[in-house]
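Input: a single structure, listed below in structure tokens.
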Amino acid sequence: YQKLQKERKVTRKKKTFFFFISPSPRLFHASQQCPAPVPRLPETGGKVRHGIIPEEFFQYLYPVTGVTGPYVLGLGLMTMLLSKEYYIINSETMSALGTLAVIVYVIKKYGHKVTEFIDESNDKEQWRVDGRKCIFDAKRNNVAMILESNMRERQLMVFNEVKRRLDYHVELEKLKRHLEQEHLIKWVESNVIKSITPQQEKESISSCIMQLKSLAQRSRAAV
């Protein structure tokens, strides 16, 4: 029984040792990306007081502490830090205050100029981007017009080719009909000539002579 207790203790120690030593596997970037659109950043910053304190801080404390509440809270916090010596004023504090004053002065003095310069550069860059879009649209329209003209030329070429083929077939049909008519006429004439006998030919000649004589007598009688 004592041996079993010792073995259980050893196995527990090993399990706890391996539990603390072996790092648990972690999966990074395993979650699916959110397809929601990213909101646009505001073009202008929010209102601030004293150069660094946002206006939302004061608006948040007004319903609870009133108008003087944020100032009392700030002064009380500074007094508590200094009285409890959580923060000790030394040479570094004075240098930090001086640096902060210089930064605030530079921001107040030249901040609007830097902002105007950045806005102008952004406007120029935006104008260039818009110009590139217009150029790309013009090039795209030119390519579309070229493709349209090529398509129309090919359609005209196909139309002329089809018309030429149809005209050829029409002329071929006319020629066939003309040849068939000529062949039919010649065949009829040859058959008619073959069907006339010598006796019929003599009778027709004599009848023609009699008709000519009668016509001559009539013309003399009329004179």
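The numbers here are math on the coordinates, done by the rules we state, and not lab data. For clarity, every value in this text was computed on a predicted model and none was experimentally measured. Here the Cβ positions follow ideal geometry from the backbone for every residue, glycine too, while neighbour counts run over all protein chains shown.
For the reader, a short list of remarks on this structure follows.
- The aspartates and glutamates within cross-link reach of LYS174, meaning a Cα-to-Cα straight distance under 14 Å and a gap of 8 or more places when in the same chain, are GLU182.
- Within the range 109-214: Cβ-based charge dipole about Cα centre, in debye rounded to nearest 20 (Lys, Arg +1; Asp, Glu -1): 120
- Extension gain for the segment ASN191 to PHE159, taken as residue separation times 0.36 nm less the Cα-Cα distance, is 6.8 nm to one decimal.
- Considering only CYS208, SER190, HIS169, and ranking their Cα positions along the charge dipole of the range 109-214 that arises from unit charges at the beta-carbon of Lys, Arg, Asp and Glu, the one farthest toward the positive end is SER190.
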